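Trainee: The structure is given below, and queries will be raised subsequently.
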Amino acid sequence: MIIDLLSIDEEGKTFSFNESSDEVESLFTDLIGKNPFTIEVLVKPLGNSYQIQGRIQSHYGDVCSRCGYDIEVPLNGRMNEIVVIEKERPRNTQVSQSQRSLDESGPDVTYLKSPEFDLAEFLHEMMAASQNRYPRCVDEAQCEAQQAPVQESQAPSGHPGFAALKNIKLKH
Ligand SMILES: [Zn+2]
C-alpha cells in the first residue's frame, strides 16, 4: 500500500483500518494472528516534511514472562513519526533509512528518497514495536499463585506442565 505524500493537502488525510480492510488483510498475521485490530492514522504536511500520527489497538495471545501461562495481551500503540523527503545527495554519502530519536517521547524521523511512502510496511513496523516483549498476567495474585511449585494434590487443573506430565507413560 503505497501512498503519494504529494497528493495530501494541508488538511491532512486520515486512514482507518481494521481486520476487515482489504488493504491490510493478513498484513499483521505474523504478529497478532487473526485477532481484530483498529488503526487510525493521520498524515499531514508539516513544512517540508510530513507528520504521521495515530494509534493501533489490538490484542494477541502470548505467554506470561513470569508464570509461563498462555495469556491475552492488550496492544495499545501510538505513532508519532516525521517523514522527510530528501533531495538528491552526493554519492558516497551514507544515509540511514530510519533515525530513532533518543528521546522516547519525541517523534522518530524517517528519510525517504521519493514521495512514495509505503504505509503498509510502516504500519507493520509500528505494530511490531507496540508489542510487549515481556508480557505479564493482568491478575498479579493469580500470576503469583501460578508460579508456586506444583504439587500433585494441589495442582491447578489446566497447568500446561502438569497436563504434560500426566501423559508421560513409563516403559518397564
Ligand atoms: Zn503470569
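Trainee: Check LEU6, LEU31 and return the single one that is out of contact with any Lys or Arg (no Cβ under 8 Å at 6 or more places or on another chain) and surrounded by 15 or more Cβ atoms within 10 Å (Cβ to Cβ).
Mentor: Going through LEU6, LEU31 in turn, the sole match is LEU31.
Trainee: Residues that are of a type in the set (A, V, I, L, M, F, W, C) and away from the ligand (no atom under 16 Å from the Cβ): does segment 58-74 have at least one?
Mentor: Looking for residues that are of a type in the set (A, V, I, L, M, F, W, C) and away from the ligand (no atom under 16 Å from the Cβ), one finds none in segment 58-74, hence no.
Trainee: If a residue must be closer than 30 Å to ALA145 by Cα, buried (at least 17 other Cβ atoms within 10 Å of the Cβ) and of a type in the set (A, V, I, L, M, F, W, C), how many such residues does segment 51-87 contain?
Mentor: Within segment 51-87, residues that are closer than 30 Å to ALA145 by Cα, buried (at least 17 other Cβ atoms within 10 Å of the Cβ) and of a type in the set (A, V, I, L, M, F, W, C) number 5.
Since every read-out is calculated from the coordinates, none of them should be taken as a lab result. These numbers were taken from a predicted model, which means no experiment stands behind them. In this analysis, Cβ positions are derived from the backbone assuming ideal geometry, glycine residues included, and neighbour counts consider all displayed protein chains.
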